[in-house]
């Protein structure tokens, strides 16, 4: 906004610009790539941890599926960020395809992780419930956006609003999942302390 590259507004509410437009030109071009590409690597690391955890929970099918979807989503995020701002139809296709595959695969992996850990628990802690609600919110946002081109005079703005809010819900999932993993890990360690003390 300061460099006049996007309109001055609140995109989550007004939909005045796309997510991609914030990183196509000027100084934001370099900042965007410097932050998003390492984020793709961190996402792949997260899903490796989550997949290993699901294997320990004996959720083998979910572990394999979310590993493939999550790591694939991270790779497509890197593809999207790499070609953002490049000219030419081929680069434009790679950018669009990378973004769509990132959103689709990451949302699928999040749903798999939530479903795999939901069953078999006597009580479901708040972070897990937050994970479920964020998955459902993404689904509702996606479904609500389908009739927008037919019903609205300015469907582009609605599409931008959908992208920003869908992305926000997707990002909020990760701290909730991290808190849930930490919660479960702490419970395991605490349950092992008495036996360790008895052996000592």
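The values are calculated or read from the model by the stated rules, or taken from the named source; none is laboratory data. Fair warning: this is a prediction, and the values are worked out from it, not measured in the lab. Counting neighbours? That spans all protein chains shown, and the Cβs are built from the backbone with ideal geometry, glycine included.
Please pick out the residue among 84, 94, 55 that is closer than 20 Å to residue 180 by Cβ and either at pLDDT below 90 or surrounded by 21 or more Cβ atoms within 10 Å (Cβ to Cβ) (or both).
When all the criteria are applied, what remains is 55.
List the number of the failed condition for residue 31; all other conditions in (1) within 21 Å of residue 164 (Cβ to Cβ); (2) over 12 Å from the mean Cα position of the chain (by Cα); (3) modelled with pLDDT of 85 or more; (4) surrounded by 14 or more Cβ atoms within 10 Å (Cβ to Cβ) hold.
(4)
Take region 7-42 and flag every residue that is free of Cβ contacts under 8 Å to residues at least 24 places away in the same chain and either closer than 21 Å to residue 158 by Cβ or part of a loop (DSSP other than H, G, I, E, B) (or both).
Of everything in region 7-42, those that are free of Cβ contacts under 8 Å to residues at least 24 places away in the same chain and either closer than 21 Å to residue 158 by Cβ or part of a loop (DSSP other than H, G, I, E, B) (or both) turn out to be 7, 8, 9, 10, 21, 22.
What's the number of the only condition in (1) touching a helix residue (DSSP H, G or I) at 6+ places or on another chain (Cβ under 7 Å); (2) closer than 30 Å to residue 34 by Cα; (3) touching a residue at least 40 places away in the same chain (Cβ under 8 Å); (4) part of a helix (DSSP H, G or I) that residue 49 fails to meet?
(1)
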